[in-house]
Amino acid sequence: MDNKKPNTLLDLAIHQLLKNETAAIHALEEIPRDLFVPLFCASFKGVHKSIVKAMVKVWPYTCLHIGTFTVRKPHRELLTAMLEGLQFLPVQNSGSRIPKLRILDLREDSGCKIICPKICTKSPECLFSCAHSENSILKIQSRQSIASSEPEVQPSSIPMELIVNISIVSNITLREHEYLTLLLNKVEDSSGSLHLCCRDLEIDELGDRRNILNHLDLKCLVSLSVFQGSLVDVNNLLAQVGQLRRFCLSRITCRSLNGKAFRNFVSHLRCMDHLNELNFHSFVLTDHLEAALRVLPTSLEFLHLTFCELSYNDFKFLAECPQANHLKLLNITHNPMYWEDCEPFYNILHRLSGTLQHLAVNQCVLTDSMVAGVIPALSRCTQLRVLNFSSNPVSMPMLMRLLEHLTPLLELKYVIYPIPVHCYGRWPIQDSLDEQKLANVKARLKRMLREAGRSDMIWFTFPG
Ligand SMILES: [Zn+2]
Ligand SMILES: [Zn+2]
């Protein structure tokens with residue numbers, strides 16, 4: 001099938017422009033302003049690199065956001081082209097119709113439109129302009145208005161912002177590395193007029209990333225993920241960070257949870273008043289969960305505590321702390337519950353019954369008695385959509401009992417269950433798995449779901 005036929009006058013005009021890139025670039029000087037956004041969308045989707053670059057050069061609006069576009073491999077070069085097209089505007093020319101671009105936003109899925117609506121009363125007229133850095137347009141403008149009588153403080157170019165998400169991890173591709181280099185070069189070329197505003201930073205090997213970190217104002221961060229490092233290095237980073245909404249730490253080492261580094265870390269957590277998501281992975285917190293959690297806001301919605309070696313006391317605290325009162329997601333995967341007492345886990349589920357949408361408890365050594373103990377609380381989690389409790393030593397009768405109690409939960413659509421122990425010669429040795437027994441389990445559960453009128457609920461499992 002050929003491309004869809006253009007069906008409106010606007011579609012027809014854009015279709016014609018895209019057919020001849022040179023003519024399209026030439027026409028940018030004359031086409032009506034209203035045509036810019038639809039032409040940009042079509043050029044971005046069609047990966048018309050030259051047109052996109054030329055459009056950035058003469059963009060007639062204050063801001064330009066990638067918005068909801070997904071940047072797949074072919075689009076990567078578009079971001080580079082957009083960066084190349086970004087020009088620093090001399091102060092004298094600010095009155096002309098073109099160009100007007102002052103905020104280029106290269107983040108994906110940021111939930112914003114290509115340009116911000118006119119109703120925005122902020123200056124600059126962009127809902128996503130930086131509000132934190134001393135180098136933001138907002139702060140520079142307010143300083144300029146205070147010091148307008150002093151001519152030497154006037155810069156030669158109009159202040160601009162480049163909003164990005166940055167991932168600096170060991171396995172980035174050569175292309176991503178080149179993109180990062182281009183970002184930094186652009187900032188250096190601007191002689192101080194371009195603020196590189198990073199909102200989401202993923203970083204590993206903190207000690208080796210000084211060069212890039214020196215170019216960033218960490219106050220702009222909304223989300224920070226650190227993979228691998230010492231808690232001392234993490235503290236150094238947090239000392240420069242502003243208000244995070246999302247904070248992830250993975251494979252973090254700490255000499256002693258009773259030492260100064262951990263105390264400093266807790267004092268940084270105490271300042272995270274707007275935190276919405278906390279993700280600790282492979283960060284051993286045995287008997288110290290209370291110290292880390294109790295200083296956080298009670299508005300926390302997403303909590304991942306995986307491979308944290310949580311103790312019985314940690315679970316008891318989790319069941320009582322106000323910070324875990326409104327969780328939508330709780331992931332406590334790979335924290336073995338070797339104890340018999342199911343009360344802490346029951347209490348956690350009982351308190352979250354009105355909000356919990358996603359529960360993950362893989363590889364927690366959940367036994368039949370533990371599952372039986374929490375069924376009354378779990379079956380009251382009316383908002384639950386995803387339950388993942390794979391790789392736990394549960395029997396087939398217990399699995400069937402659980403299914404009967406969960407089928408009334410109408411929001412629950414996905415259950416990832418453990419392969420019952422009878423399917424193994426020796427649980428959980430993969431080589432001892434009896435495929436026929438597993439096939440029987442799957443067929444049995446499927447039949448039960450059908451009989452319960454819940455064929456829309458998907459139960460699945462995998463060895464591991
Ligand atoms: Zn905007
Ligand atoms: Zn900023």
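Just one of the listed residues (387, 410) is open to solvent by less than 30 Å² (accessible area, probe 1.4 Å) and in the same structural domain as residue 437 (by TED's automatic domain parsing), and it is 387. Of the residues making up the range 320-335, those that are farther than 13 Å from residue 306 by Cα, part of a loop (DSSP other than H, G, I, E, B) and open to solvent by less than 60 Å² (accessible area, probe 1.4 Å) are 321, 325, 327. Here residue 231 fits the description: of a type outside the set (Phe, Trp, Tyr), at pLDDT 90 or above, more than 16 Å from ligand 2 (Cβ to nearest atom) and open to solvent by less than 20 Å² (accessible area, probe 1.4 Å).
Among 371, 441, which is open to solvent by less than 60 Å² (accessible area, probe 1.4 Å) and within 28 Å of residue 310 (Cα to Cα)? One residue alone meets the criteria, 371. The set of residues from the range 301-318 being assigned to a helix (DSSP H, G or I) and open to solvent by 10 Å² or more (accessible area, probe 1.4 Å) comprises 312, 313, 316, 317.
I'd like the residue in the range 185-221 that is under 22 Å from the mean Cα position of the chain (by Cα) and under 15 Å from residue 106 (Cβ atoms) and, out of all such residues, is modelled with the lowest pLDDT. For the range 185-221, the residue satisfying everything is 216.
For the range 51-81, how many residues meet the condition of being within 15 Å of ligand 1 (Cβ to nearest atom) and not hydroxyl-bearing (Ser, Thr, Tyr)? Going through the range 51-81 one residue at a time, the tally reaches 9.
Of all residues in the range 159-175, those satisfying the criterion of being touching a residue at least 40 places away in the same chain (Cβ under 8 Å) and open to solvent by 20 Å² or more (accessible area, probe 1.4 Å) are 165, 169, 175. Residue 425 meets the conditions (1) farther than 21 Å from residue 351 by Cα; (2) of a type outside the set (Asp, Glu); (3) out of contact with any Asp or Glu (no Cβ under 8 Å at 6 or more places or on another chain) in every case but one. The failed one is (3). Would you pick out the residues in the range 444-464 that are open to solvent by 50 Å² or more (accessible area, probe 1.4 Å) and in a helix (DSSP H, G or I)? Hits for the range 444-464 are 444, 446, 447, 450, 451. Selection of the range 113-149 for residues being modelled with pLDDT of 75 or more and surrounded by fewer than 16 Cβ atoms within 10 Å (Cβ to Cβ) yields 113, 117, 118, 127, 131, 134, 141, 142, 143, 144.
The values are calculated or read from the model by the stated rules, or taken from the named source; none is laboratory data. As the structure is a computational prediction, the values presented were derived from the model and not from experiment. Don't worry about glycine lacking a Cβ; one is built from the backbone with ideal geometry, like all the others, and counts go over all protein chains shown. These accessible areas exclude ligands, DNA and RNA; they are computed on the full protein's heavy atoms, side chains included. Shrake-Rupley method; radii C 1.70, N 1.55, O 1.52, S 1.80 Å.
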